[in-house]
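The values are calculated or read from the model by the stated rules, or taken from the named source; none is laboratory data. As the structure is a prediction and not an experimental result, all values here were calculated from the model. All Cβ positions, even for glycine, are placed from backbone atoms using ideal geometry, and neighbour counts span all protein chains on display. Calculation scope for accessible area: heavy atoms of the full protein, side chains included, ligands and nucleic acids excluded. Shrake-Rupley method; radii C 1.70, N 1.55, O 1.52, S 1.80 Å.
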Amino acid sequence: MAKKAAAGPKRVTMTDVARRAGVSQPTVSFVLNDRRDVAVAEETRRRVLQAAAELDFVPNRAAQLLRSNRSFTIGVVTSGIVSQPYAGLIVLGLQQVVQPAGYVCMVVDTTDDPGQGDDAVASLVAQGVAAIVYASLAPKPLHRSPRLDGIRTIFVNCWPEEGPADTVLLADEYAGGRAAAASVFERGHREVAFLGGMRDDYACKERRRGFDDAARAAGLKPADLVHRYGNYQIGNGYDLATEVVVEHRPTALVCGNDRMAIGALLALHALGLDCPGDVSIVGFDDQPDVADQVRPGLTTAALPHLMLGRRAGELLLTPPEDAPDRIIVDCELIERDSVGDPPKHRRRITPPATSPTARRGSSK
């Protein structure tokens, strides 16, 4: 006679949690379903949550959904994030907050084609998502699907081109740009160049505004300083830095991002100069495995991608009526070794044989 298969481990139920916490099963249900319309003493709430954690209780979300008609899925529509791992920290931060509360994220990365974005949103809405989160690699306006009426919508590192958003979360690009520039002005540098990204880019304009205000705070006129614009790439940073250093001999370069700062480091090396001995360099982003791995380590303003995602997750666990319309998250200055005091003596340099490509179309 065949032996009866051994029973698997018994599923922990709300009744088990109630027994451990010394409360009724309905009380456990109220606490674990976050029923704020039912009065439960805070001490009782803590006791239930502790008992659930001790028993490793996993709620049956499917049953809860049938009973409450509530979705535990969040749709995430991203633009460009999957191609840039460090920007994926936005999604990671979001998941870190909502998953312990029983929610799952469905991520769809779209192109700039509004039609594709609309189709993705329609698919997510058809699956009954609780909310839609738009997230972007770079701060910019994104097309908001017209099919979102009645669905909570949050924009992270972006904002809607048209239509409403419950909350928009952005990094404080201005304050980050000011802190990056202040890190060299406060060391005594007065001949400083700004090597930005695209002139009309939102982040570039905000960082330039911060740079200029830091210059004013140091007693300088921004118009007397060198400003150049590029495209955020390493090669462009190399070309711009070569041009500016050869023509203007600044003692510090404040770069549009870490990639341009790395290009500037390579340019100094090609010119026989040292960082920070001859020229200090500051970046922006604090890109993982880049800013902390180059030598010297790059002083930079950190884009708070992880924190942006976490704040979005916290909002989704907050009643919509309690959520602010706009949240600005700090860009912390990360100080490493690429900034020093101005040099007492300037070494002669030998300009490269070819003119840098950045010379074409650059402007002060």
Considering GLY277, GLY256, GLY283, GLY235, which residue is surrounded by fewer than 24 Cβ atoms within 10 Å (Cβ to Cβ), at pLDDT 95 or above and within 21 Å of SER183 (Cα to Cα)?
GLY277
When only residues in the range 319-364 that are at pLDDT 95 or above and β-branched (Val, Ile, Thr) count, which is surrounded by the fewest Cβ atoms within 10 Å (Cβ to Cβ)?
ILE328
Among (1) open to solvent by 20 Å² or more (accessible area, probe 1.4 Å); (2) assigned to a helix (DSSP H, G or I); (3) within 21 Å of GLY176 (Cα to Cα), which single condition is ASP289 missing?
(2)
Enumeration of residues in the range 258-301 that are at positive phi and under 19 Å from the mean Cα position of the chain (by Cα):
ASP285, ASP286, ASP289
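Go over the candidates TYR174, TYR232, TYR202 one by one and state the one that is without any contact (Cβ under 8 Å) to a residue 60 or more places away in the chain and over 24 Å from VAL246 (Cβ atoms).
On the way: TYR232 fails: over 24 Å from VAL246 (Cβ atoms); TYR202 fails: without any contact (Cβ under 8 Å) to a residue 60 or more places away in the chain.
Answer to the selection: TYR174.
Does GLU186 count as acidic (Asp, Glu) and modelled with pLDDT of 95 or more? I'd like the intermediate steps shown before the answer.
Values: acidic (Asp, Glu): yes; modelled with pLDDT of 95 or more: yes.
Here the answer is yes, as GLU186 does meet what is asked.
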Residue selected from the range 130-144 under the condition in contact (Cβ under 8 Å) with a residue 60 or more places away in the chain and assigned to a strand (DSSP E or B), by the criterion most open to solvent (accessible area, probe 1.4 Å)
LYS140
Which numbered condition ALA52 fails, given (1) at pLDDT below 85; (2) hydrophobic (A, V, I, L, M, F, W, C); (3) farther than 29 Å from PRO139 by Cα; (4) part of a helix (DSSP H, G or I):
(1)
Looking at the range 167-180, which of its residues are of a type in the set (D, E, K, R) and touching a helix residue (DSSP H, G or I) at 6+ places or on another chain (Cβ under 6 Å)?
GLU173, ARG178
Only unsatisfied item for LEU169, checking (1) without any contact (Cβ under 8 Å) to a residue 60 or more places away in the chain; (2) within 19 Å of the chain's Cα centre (by Cα); (3) on the phi < 0 side of the Ramachandran plot, is (1)
